[in-house]
Amino acid sequence: MNRKEYIDPKELLKPENMLRLYASGAFPMADAETGNINWYLPEIRTIIPLDSYNIPRSTKKTIEEKNFEIRFDYDFEGVLEGCADRESTWISEELKSAYRRLKKRGHIHTVETWKDGKLVGGLYGVTFRGAFFGESMFSKVTQASKAALVALLKRLKEKEFVLLDVQYMTEHLKMFGAIEISFEEYTKLLHKAYAKICEY
């Protein structure tokens with residue numbers, strides 16, 4: 001008689017297990033009401049190709065006018081709380097703790113948008129070798145999250161990353177050249193990314 005093996009969900013949130021799951025193409029989200037954390041493995045994946053992304057001219061002009069300051073890995077807690085600060089969020093307290101553990105291992109990175117000495121937007125993601133898995137972004141002023149995304153695209157290109165996974169398609173991401181690909185194509189990109197060691 002076959003018995004289904006039980007895996008404690010907390011075990012899956014250990015850094016080494018989280019990285020293993022990300023490496024297989026999965027990502028976690030907590031239920032906004034129950035807090036239960038599930039891992040998702042969609043058949044259709046959304047990426048922004050790092051060799052052919054697009055920065056809309058109007059966005060570029062607006063960002064320049066705003067005169068934002070971009071910082072990297074300066075205020076992870078501020079970005080994490082900014083991303084979780086919404087009416088309904090998938091970033092539970094348990095997931096925050098898990099991300100903090102990954103941060104200590106050097107696998108979480110941020111791009112932050114600052115204005116007049118205040119954090120006004122940003123994003124964070126999980127990195128593993130040549131892959132960056134975008135998790136969430138937030139904006140307290142117009143164009144702040146877009147400014148962070150533009151900076152991320154340029155940095156990943158400069159550092160020769162292979163893959164930028166953005167999980168789900170949105171109009172916001174489509175503007176920057178996001179495309180949907182099959183899981184088979186995505187897996188090929190994953191393997192290519194893991195063959196390369198990149199420093200964020």
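The values are calculated or read from the model by the stated rules, or taken from the named source; none is laboratory data. Everything numeric in this text was worked out from a predicted model, so none of it was measured. A quick note on method: Cβ atoms are made from the backbone with ideal geometry, for glycine too, and the neighbour counts reach across all protein chains shown. Side chains included, ligands, DNA and RNA excluded: accessible areas come from the protein's heavy atoms. Shrake-Rupley method; radii C 1.70, N 1.55, O 1.52, S 1.80 Å.
A few points about this structure:
Conditions tested, residue by residue: (1) outside any helix (DSSP H, G or I); (2) of a type in the set (D, E, K, R); (3) in contact with a strand residue (DSSP E or B) (Cβ under 8 Å, 6 or more places away or on another chain); (4) touching a residue at least 60 places away in the same chain (Cβ under 8 Å).
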| site | (1), (2), (3), (4) |
| --- | --- |
| His109 | yes, no, yes, yes |
| Val120 | yes, no, yes, no |
| Gly125 | yes, no, yes, no |
| Ser145 | no, no, yes, no |
| Leu156 | no, no, yes, yes |
| Leu164 | yes, no, yes, yes |
| Glu180 | yes, yes, yes, yes |
| Glu184 | no, yes, no, no |
| Tyr200 | yes, no, yes, yes |
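- Residue ranges of strands (runs of 3 or more DSSP E) in the stretch 23-75 with at least 2 members open to solvent by 30 Å² or more (accessible area, probe 1.4 Å): 37-40, 69-72
- Scope the stretch 91-103; condition basic (Lys, Arg) and in contact (Cβ under 8 Å) with a residue 40 or more places away in the chain; matching residues: Arg101
- Pairs meeting the criteria (first residue in the stretch 46-75 and of a type in the set (S, T, N, Q), second residue in a strand (DSSP E or B), beta carbons under 7 Å, at least 6 apart or on different chains) are Thr46/Val166; Thr46/Gln167; Thr46/Glu180.
- Filter pass, Ala144 being open to solvent by less than 10 Å² (accessible area, probe 1.4 Å) and more than 22 Å from Gly25 (Cα to Cα): yes
- Checking the stretch 80-89 against the condition returns no match, with no residue being closer than 27 Å to Thr187 by Cβ, among the basic types (Lys, Arg) and open to solvent by 70 Å² or more (accessible area, probe 1.4 Å).
- Taken over the stretch 66-78, the criterion of being in contact with a Leu (Cβ under 7 Å, 6 or more places away or on another chain) and of a type outside the set (Gly, Ala, Ser) is satisfied by Asp75 alone.
- Only listed residue being surrounded by fewer than 18 Cβ atoms within 10 Å (Cβ to Cβ) and within 16 Å of the chain's Cα centre (by Cα), chosen from Arg105, Arg155: Arg155
- Odd one out for Lys96 among (1) assigned to a strand (DSSP E or B); (2) under 14 Å from the mean Cα position of the chain (by Cα): (1)
- Arg86 free of Cβ contacts under 8 Å to residues at least 60 places away in the same chain and in a loop (DSSP other than H, G, I, E, B): yes
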